[in-house]
1. Look through Gly218, Gly278 and report the one residue that is over 23 Å from Leu332 (Cβ atoms), in contact (Cβ under 8 Å) with a residue 40 or more places away in the chain, in contact with a strand residue (DSSP E or B) (Cβ under 9 Å, 6 or more places away or on another chain) and surrounded by fewer than 18 Cβ atoms within 10 Å (Cβ to Cβ).
2. Tell me which residues, restricted to the stretch 59-79, are surrounded by fewer than 17 Cβ atoms within 10 Å (Cβ to Cβ) and either acidic (Asp, Glu) or within 10 Å of Lys140 (Cβ to Cβ) (or both).
3. Considering only residues that are crowded, with 19+ Cβ neighbours inside 10 Å and in a loop (DSSP other than H, G, I, E, B), which ones fall in the stretch 123-155?
4. List, please: which pairs have Cβ atoms under 7 Å, are six or more places apart or on different chains, and start with a residue in the stretch 179-198 that is under 10 Å from Leu231 (Cβ atoms) and end with one that is surrounded by 13 or more Cβ atoms within 10 Å (Cβ to Cβ) and of a type in the set (Asp, Glu)?
5. State all residues of the stretch 408-446 that are in a helix (DSSP H, G or I) and among the polar types (S, T, N, Q); if no residue qualifies, say none.
6. Determine which single condition Glu37 fails, assuming it passes every other condition in (1) among the acidic types (Asp, Glu); (2) under 14 Å from Asp333 (Cα atoms); (3) modelled with pLDDT under 95.
7. Residue check: is Ala267 surrounded by 17 or more Cβ atoms within 10 Å (Cβ to Cβ), within 21 Å of the chain's Cα centre (by Cα) and within 24 Å of Pro30 (Cβ to Cβ)?
8. Report, by residue number, each residue of the stretch 267-303 that is in contact with a Ser or Thr (Cβ under 9 Å, 6 or more places away or on another chain), on the phi < 0 side of the Ramachandran plot and of a type in the set (D, E, K, R).
Amino acid sequence: MSRILETLILSLCAGTAAQAVEAVCSQTQPVFYAGLEKQPLLRVRIADGQAGKLDKLTFDFEGTSDLKSIGNVTLYCSGGTPYFSLNAPDHYRAKPVDMKMVKKGGREISFAGNQNLPASGDAYYWLVVDMKKSAPGNAKVDAECTNVTVNGQQAKIENPSPAGAAKVFPFKYRVVPYFRSSNLVDWFPDLLQPDHFKLITDIIYFNVSVDQEGNIVGGEDPKFLQGLEKLKKLRGKRPVSIILGIAHSSPGLKATSASLDKRMKLAKTLGEYVKKHGFDGVDFDWEYPDNDEDWQNFAWLLCEVKPVLFEQGCSVTAAFTPYYKMASPSVLDQLDWGNTMSYDKGGEHSTMQAMLDDINTCRKAGMPDCKIVAGVPFYSNEVENRNWDEQKGYSYIVSSFPRMKASENTFVDPKSKKKHYFNGPDLIKQKGQEIIRQKIGGVMIWGYDTDVPLSNARSLSAALGNVMKAVAK
């Protein structure tokens, strides 16, 4: 064979190899927090079977509105795990990559070195940033992957600059009530008013469910959609996120999260649904994954859902019960924030100490303070024996005991003769003050739709609002 022909064949083979190398980019984290380190900005998946060496990754921060808000920039690898977790078991955990960072000036940055790629299976790399405390609210944080070099050849990059951009959370803390569609439309249609939206940052509209095939159930119900339009009208131009609440779905979420095909189906369906109806986020209230396998499957579900919802600018959150079945680190690390259900314990079901214990449980699990949103109840439960069927909404308590003091937290139900415990106005204020003192992410309210009107001197919403308002940073 002539030297010329040999050179030509080698050149053609190299070109074929270059075309064979593929990388796919996506973003999963729409909410960034000022002062929080190690926030994943961009995921780069190097496709199956690219054995050899990763030589170089280059990124451009073209879509970032304030480069000075970004501190350290690092590159992590999570191996074959498609989600970013710093607290998961070792074989799922993302770890920093030993590649030299080369700043090229302006908005471009490169990482160079020789990193071994697996002989089979995908490999996931993450562009990770620290945000300075001075980062302004609503600042955009965005990046594009402009170069992936494997075995000396440039890879073909799919979706190098995913649609949308992360934004810095603009408030001091979150105030996140749940509101049920049945109460909004039928039972208490006049309770929620525009003034409520001056006190909150997000509202979780409750609820649709998921069946065992990965379908949304109840999402096209006329009354549910009627309530959604009512919410939007009441919100007006206030910067309050309306979040789709998924609940009452344990069999459905268990079956769906255990199947890759069903996870992908639900992710696609949710993406289409939130876009069609104008939601700003999705909240999962599973209650509960029963074991480690369920929690891991939930993590797999979230890593399918998050890139799809990111493109719609939607957050992904979940409610969980730290004192009962604490969420796994693989789940916690994927949430934009987590709502602790710090109520329904035995005895006095929602004390201050119970809330503080749940906050500390979250911290021990590696959850950043800014993502811990502590739940408070606007209802009572029996002290002697928890009985969900006998819970009393706060409006019932006020109407039944018109002379009750703001400092009182117990009563004996006139019908059942059972002692109940609840959070009165004074305790709700104290919890709000403690949440601020703890410097966590904010407060969640279950049963916002059982309150009395804001004009009532005993309104829990007003009591909490006097302490925790939707105040910009």
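1. Just one listed residue meets the conditions, Gly278.
2. Across the stretch 59-79, the qualifying residues are Glu62, Gly63, Ser65, Asp66.
3. Ala135, Ala139, Asp142, Ala143, Ala155
4. The qualifying pairs are Phe179/Asp449; Leu184/Asp449.
5. Those that are in a helix (DSSP H, G or I) and among the polar types (S, T, N, Q): Gln430, Gln433, Gln438.
6. All conditions are met except number (3).
7. Numbers: surrounded by 17 or more Cβ atoms within 10 Å (Cβ to Cβ): yes; within 21 Å of the chain's Cα centre (by Cα): yes; within 24 Å of Pro30 (Cβ to Cβ): yes.
Criteria met by Ala267.
8. Within the stretch 267-303, Asp280, Asp283, Asp285, Asp290, Asp292, Asp294 qualify.
The values are calculated or read from the model by the stated rules, or taken from the named source; none is laboratory data. It should be emphasised that the depicted structure is a prediction, and the values quoted were computed from it without experimental measurement. Heads up, the Cβs are rebuilt from the backbone with ideal geometry, glycines too, and the neighbour counts pull from every protein chain shown.
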